[in-house]
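Visitor: The structure follows.
The values are calculated or read from the model by the stated rules, or taken from the named source; none is laboratory data. This structure is a prediction, so every number in the text was calculated from the model and none was measured. Backbone-built Cβ (ideal geometry, glycine too); neighbour counts: all protein chains shown.
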Amino acid sequence: MAIVDLAALHDLAVSIAAATATEVVRRSNESFEVATKSSATDLVTEIDAWAERFIIDSISEARPDDGFIGEEGADSASRSGVTWVIDPIDGTTNFVYRYPMFAVSIAAVTETETLVGAVAHCSSGEVYHATTGGGAFVGESPLAVSDQQSLPQSLVATGFGYDAEQRRQQAQQLTHIIGEVRDIRRSGSAATDLAFTAAGLVDAYYEAGLNRWDIAAGELIVREAGGLVDLTETGNRRYSVLAAAPGVFDELRVLLKMARGHADGPW
Ligand code: LIP
């Protein structure tokens with residue numbers, strides 16, 4: 001693999017995420033086609049498709065040998081050793097409802113690690129970003145996870161899947177968690193939840209049934225902000241993620257394992 005200019009890769013990710021987010025927000029005020037994917041509640045719009053195409057074309061102009069994996073179907077091999085993992089609009093349901101919690105998530109990865117990640121929070125215009133070994137930032141401001149040491153005082157984000165039975169099981173687990181923490185937040189965007197964990201806006205985030213594009217950028221941002229991340233591939237290219245401040249990570253991991261043991265199924 002050729003030597004990669006991390007700074008250039010990072011600047012490409014941040015600039016394209018920001019430009020995409022600006023246009024996504026502009027188009028959110030226009031009419032657009034909405035369709036469904038894996039279930040009647042799994043929405044996709046023509047803006048998701050446009051955004052993924054725009055991101056790929058913009059990156060390819062600068063780096064024609066890179067590969068792409070995207071939520072809306074991109075799946076091309078890399079000739080450079082660098083592959084971009086793209087969620088063009090993470091939180092598509094929120095986008096359709098104009099509920100201001102959706103993000104553009106772009107990560108550059110190799111076979112062994114994530115090099116850079118950028119999550120553009122569309123409603124604020126803020127871009128959360130990180131380079132491996134280079135720290136995490138929102139804009140120019142350094143990010144750090146919370147210094148929370150008490151699980152009962154922890155604000156914990158989570159999410160639920162598009163399959164009704166999956167959601168039912170995830171809600172069952174939640175009944176064993178919600179009384180053990182300060183409170184729960186459900187944004188509807190995994191990338192946003194991970195960025196907010198890195199910023200200390202929540203103390204932790206967990207969710208199962210995610211795709212790689214939901215988490216690729218946010219996971220690096222949390223780690224570079226001093227957080228701990230447990231990422232488990234659960235089959236069918238789905239992932240379970242726990243991202244947390246170090247002071248509550250182990251205790252929350254144990255609680256999650258207990259809660260999943262009480263649910264009717266694997267979620
Ligand atoms: C969403 C995730 C969210 C999860 C939703 C959905 P999408 O991704 O970001 O955390 O709870 O079910 O998977 O589909 O909006 O890109």
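Visitor: Among the residues of the range 73-98 satisfying the criterion of being surrounded by fewer than 20 Cβ atoms within 10 Å (Cβ to Cβ) and among the charged types (D, E, K, R), which is nearest to the ligand (Cβ to nearest atom)?
Guide: The qualifying residue nearest to the ligand (Cβ to nearest atom) is 98.
Visitor: Within the set of pairs 6 or more residues apart or between chains, which connect a residue that is over 14 Å from residue 217 (Cα atoms) inside the range 8-19 to a residue that is hydrophobic (A, V, I, L, M, F, W, C) and surrounded by fewer than 20 Cβ atoms within 10 Å (Cβ to Cβ) with Cβ atoms less than 9 Å apart?
Guide: These pairs meet every condition: 8/62; 19/54.
Visitor: To continue, here is another question. Is it true that residue 67 is out of contact with any strand residue (DSSP E or B) (no Cβ under 8 Å at 6 or more places or on another chain), among the small types (Gly, Ala, Ser) and either modelled with pLDDT under 95 or over 30 Å from residue 144 (Cβ atoms) (or both)?
Guide: For residue 67, the condition - out of contact with any strand residue (DSSP E or B) (no Cβ under 8 Å at 6 or more places or on another chain), among the small types (Gly, Ala, Ser) and either modelled with pLDDT under 95 or over 30 Å from residue 144 (Cβ atoms) (or both) - is not met.
Visitor: Okay, next question. Suppose we filter the range 176-193 for residues that are near the ligand (Cβ under 8 Å from one of its atoms) and not acidic (Asp, Glu); how many remain?
Guide: So the count comes out to 7.
Visitor: Just checking, does the range 99-120 include any residue being surrounded by fewer than 16 Cβ atoms within 10 Å (Cβ to Cβ), within 14 Å of the ligand (Cβ to nearest atom) and either free of Cβ contacts under 8 Å to residues at least 12 places away in the same chain or under 25 Å from residue 77 (Cα atoms) (or both)?
Guide: For the range 99-120, residues surrounded by fewer than 16 Cβ atoms within 10 Å (Cβ to Cβ), within 14 Å of the ligand (Cβ to nearest atom) and either free of Cβ contacts under 8 Å to residues at least 12 places away in the same chain or under 25 Å from residue 77 (Cα atoms) (or both): absent.
Visitor: Look through the range 126-160, keep the residues that are over 23 Å from residue 106 (Cβ atoms) and within 16 Å of the ligand (Cβ to nearest atom), and return whichever of them is surrounded by the fewest Cβ atoms within 10 Å (Cβ to Cβ).
Guide: 160
Visitor: Looking for something in a helix (DSSP H, G or I) and touching a strand residue (DSSP E or B) at 6+ places or on another chain (Cβ under 9 Å) - is there at least one such residue anywhere in the range 37-47?
Guide: Yes, some residue in the range 37-47 is in a helix (DSSP H, G or I) and touching a strand residue (DSSP E or B) at 6+ places or on another chain (Cβ under 9 Å).
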